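Student: The structure's right below; bear with me while I get my questions together.
The values are calculated or read from the model by the stated rules, or taken from the named source; none is laboratory data. Remember, it's a predicted structure, so these values are computed and weren't measured experimentally. Heads up, the Cβs are rebuilt from the backbone with ideal geometry, glycines too, and the neighbour counts pull from every protein chain shown.
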Amino acid sequence: MESFERRKTDDHLAEDAWSDSLRGTIIPDKGWTQHYDLVKEMGDCHASMGDYPRARQCYDRAAELAPDEAGPYVGLGVIHLQSGELDEAETAFRVACRLDPKSSKALCGLAMAAQRRGQDQRAFDGYLKTLEIDSDEMTALLGLFQVSCRMGSFGQIIRYLELYLEMHPGDLSVMFSLAALYRRDGRLQRSRELLERIMLLDPGHAEAQNLLEEIDHSRVESIDRRTTCLNPMG
């Protein structure tokens, strides 16, 4: 019984220290530090505002409250990644992956760390794994696009851009990226169809207009070459 009372006292001391550390936060501590979801949400809020020390406190507390949840470790990984601490970021993301092997955010975090290190193939594989779990993960889609451009490998990214566009048919940035890749892949008609769609939705889209003009110019040159070949004396 005595050990139980001592443990309760220790818990109260720890909670008082936690409350002291959170003075000045947006939400006053009225027992909310005992609720995992609220503490995790506060960590996300502080992280989004760039207040990493308080975000770290919240994530540490959330990990204490729910040691089997991957979320706090994903949050810690993001903080380390933003701070350029790649080793620490990878450690946090790996812990999150062990707790939840299907955590798309943890897998994406590992891929982002690999990309920061210049390990393109590892980043490429990580982004693909992320998108296999969640094809709607925009960060992974952007990362895969960047790595694909450096590696000169576009087959996979085209597929995932197509999937994303099916779910978000009005996303002009993805539409334009896909049109550019179709053009690069020689699928000029597919590219033109997307570009014309963009121009309907946004008549002032200069990049789409320029790419359309390039495609038209390429077609004229191609026709001229074929005509010259058929009529060499003309």
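Student: Find the residue count for the range 160-193, including only residues that are over 15 Å from residue 211 (Cβ atoms) and touching a Leu at 6+ places or on another chain (Cβ under 9 Å).
Tutor: 8
Student: Also, quick follow-up: Considering every residue within the range 152-162, establish whether at least one is among the small types (Gly, Ala, Ser), assigned to a helix (DSSP H, G or I) and buried (at least 16 other Cβ atoms within 10 Å of the Cβ).
Tutor: No, the range 152-162 contains no residue that is among the small types (Gly, Ala, Ser), assigned to a helix (DSSP H, G or I) and buried (at least 16 other Cβ atoms within 10 Å of the Cβ).
Student: Right, next: Which one of 135, 83, 103 is of a type in the set (Ser, Thr, Tyr) and under 12 Å from the mean Cα position of the chain (by Cα)?
Tutor: None of the other options fit; the residue is 135.
Student: Hey, another quick one. Going by the conditions given, is residue 100 within 16 Å of residue 70 (Cα to Cα), at pLDDT 95 or above and among the acidic types (Asp, Glu)? Working first, answer last.
Tutor: Details: within 16 Å of residue 70 (Cα to Cα): yes; at pLDDT 95 or above: yes; among the acidic types (Asp, Glu): yes.
Criteria met by residue 100.
Student: Does the range 195-209 contain any residue that is surrounded by 13 or more Cβ atoms within 10 Å (Cβ to Cβ), within 30 Å of residue 82 (Cβ to Cβ) and either at pLDDT 90 or above or touching a Pro at 6+ places or on another chain (Cβ under 6 Å) (or both)?
Tutor: yes
Student: With respect to residue 97, determine if the residue is in contact with a helix residue (DSSP H, G or I) (Cβ under 8 Å, 6 or more places away or on another chain) and part of a helix (DSSP H, G or I).
Tutor: yes
Yes/no per residue for (1) among the aliphatic types (A, V, I, L, M); (2) without any contact (Cβ under 8 Å) to a residue 40 or more places away in the chain; (3) farther than 12 Å from residue 108 by Cα:
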position: 123; (1), (2), (3): yes, yes, no
position: 132; (1), (2), (3): no, yes, no
position: 141; (1), (2), (3): yes, yes, no
position: 145; (1), (2), (3): no, yes, yes
position: 149; (1), (2), (3): no, yes, yes
position: 154; (1), (2), (3): no, yes, yes
position: 158; (1), (2), (3): yes, yes, yes
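Student: Kindly indicate whether any position in the range 127-145 is aromatic (Phe, Trp, Tyr), over 22 Å from residue 181 (Cα atoms) and buried (at least 23 other Cβ atoms within 10 Å of the Cβ).
Tutor: no
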